[in-house]
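For reference, the structure discussed in these notes is given below.
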Amino acid sequence: MNILVVGSVAYDSVQTPEGSNRHQLGGSATYFSISASYFTPVGLVAVVGKDFARQDFHLLEEHGVDTTGLETNAGETFRWKGQYTEDMNAAITIETRLNVFEKFKPALPESHRRAPYLFLANISPDLQHAVLDQMSSRPKLVACDSMNLWIEIARPRLLELIEKVDVLMINEAEARQLTGMRSLVGAAGALLKRGLKALVVKRGEYGAVVFHKDFTFAAPAYPLARVVDPTGAGDSFAGGFMGYLAAVDDTGAEAMRRAAVAGSVMASFTVEDFGVGRLNSLKTTEINARFNAFVELTRFHPLGGGQGLPLTARTA
Ligand code: AMP
């Protein structure tokens, strides 16, 4: 296993301007692991309840996801109910029921403790800490995600976690909420000062920006005519991002830029259908075709030989 992820495995009920769907397989770790599994083997640490369907275990296993760390405990699987209005970039949480996550104490199987890449997907910061603390050797790269709920109710624990990870991946509103800064560049500066190598800000239909300590890189989102369900876009982005880095085993600047595009590619598929409907059944040819479409989308020729832009003459 090349990437270990801890996060939620859930049943979601969502309503979007394109329709609604109840009880769909979701959760941060689910989207992440399916997305990353197209690049490299993934192991998952989470908990589900006795109601978790056999076919959903199979779905994960069909992607080669190692479910040894997916516990089944008495009680119900985590439930999230959300809604999107015309602004498909921001989910409105209607209801969160932690259920089996309330008492969950992750115990990493021995085989998981040396994973070279670790993703602490959105779940309580206490659980994120508990997983990080059990790693027997420091992974080459640790990234984490979070959300408004944890920024509100577990801010000190989240800030403590940020000091221990390399990459923080959050959305624009969360970056502002966490730092109290309106400017994203200002927010990035404040978070990088806490020791991060990079802050990745997910901006929904506007793409994602990597604020690295050595560079800034912006990846667009793929222009889609129809977004059906944005749920899981952020986690699928993270899966493509980490999946690519782990597959090439490179965390340098060029790799991170390409990883941001790989993340955008995977997120663009997720939003085309409810839940994991589209993400679940991708062909490698489709993924590569979309990656190439991103190359074309962002291609332009730099000005040659010290030439400037054709500006009108000014005195100064
Ligand atoms: P995103 O990629 O940000 O759209 O994440 C969507 C997923 O986050 C959904 O499938 C939810 O099940 C999951 N989720 C929502 N709230 C929470 C929470 N408080 N803790 C963990 N996961 C959550």
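Would it be correct to say that Lys197 is surrounded by 16 or more Cβ atoms within 10 Å (Cβ to Cβ) and within 15 Å of the ligand (Cβ to nearest atom)? Taking the combined requirement at face value, the residue does not satisfy it. When Ala247, Ala187, Ala173 are checked against the criterion of being free of Cβ contacts under 8 Å to residues at least 40 places away in the same chain, assigned to a helix (DSSP H, G or I) and small (Gly, Ala, Ser), a single residue qualifies: Ala187.
Cβ-Cβ distances below 6 Å connect the following pairs, each with a first residue in segment 201-224 that is in a strand (DSSP E or B), a second residue that is acidic (Asp, Glu) and modelled with pLDDT under 95, and a separation of six or more residues or different chains: Val201/Glu172. Scanning segment 136-149 for residues that are surrounded by fewer than 18 Cβ atoms within 10 Å (Cβ to Cβ), without any contact (Cβ under 8 Å) to a residue 60 or more places away in the chain and away from the ligand (no atom under 16 Å from the Cβ) yields a total of 3. A search for C-beta distances below 6 Å between a residue of segment 232-244 that is more than 14 Å from Val271 (Cα to Cα) and any residue that is surrounded by fewer than 24 Cβ atoms within 10 Å (Cβ to Cβ), counting only pairs 6+ apart in sequence or on different chains, returns Gly243/Phe39; Gly243/Thr40; Tyr244/Phe39. Considering the conditions (1) within 21 Å of Val228 (Cα to Cα); (2) assigned to a strand (DSSP E or B); (3) within 13 Å of the ligand (Cβ to nearest atom), Ser20 is excluded by exactly one of them, (3). Here Leu168 meets each of (1) under 23 Å from Asp66 (Cβ atoms); (2) at pLDDT 95 or above; (3) of a type in the set (A, V, I, L, M) with one exception, condition (1).
How many of the residues in segment 90-126 are assigned to a strand (DSSP E or B), away from the ligand (no atom under 12 Å from the Cβ) and either out of contact with any Cys (no Cβ under 8 Å at 6 or more places or on another chain) or of a type in the set (Asp, Glu) (or both)? Residues meeting the conditions: 2.
Listed conditions (1) aromatic (Phe, Trp, Tyr); (2) in contact with a Phe, Trp or Tyr (Cβ under 6 Å, 6 or more places away or on another chain); (3) within 12 Å of the ligand (Cβ to nearest atom) are all met by Phe39, apart from (3). Residues being assigned to a helix (DSSP H, G or I), surrounded by fewer than 22 Cβ atoms within 10 Å (Cβ to Cβ) and at pLDDT 95 or above are entirely absent from segment 72-84.
State yes or no: is Gly308 out of contact with any Lys or Arg (no Cβ under 7 Å at 6 or more places or on another chain), surrounded by 10 or more Cβ atoms within 10 Å (Cβ to Cβ) and not charged (D, E, K, R)? No, not satisfied. Here Leu60 does not fit the description of being part of a strand (DSSP E or B), without any contact (Cβ under 8 Å) to a residue 60 or more places away in the chain and under 19 Å from the mean Cα position of the chain (by Cα). Taken over segment 190-200, the criterion of being in a loop (DSSP other than H, G, I, E, B) and free of Cβ contacts under 8 Å to residues at least 12 places away in the same chain is satisfied by Lys193 alone.
The values are calculated or read from the model by the stated rules, or taken from the named source; none is laboratory data. Predicted model only: the values in this text are computed from it and were never measured. Backbone-built Cβ (ideal geometry, glycine too); neighbour counts: all protein chains shown.
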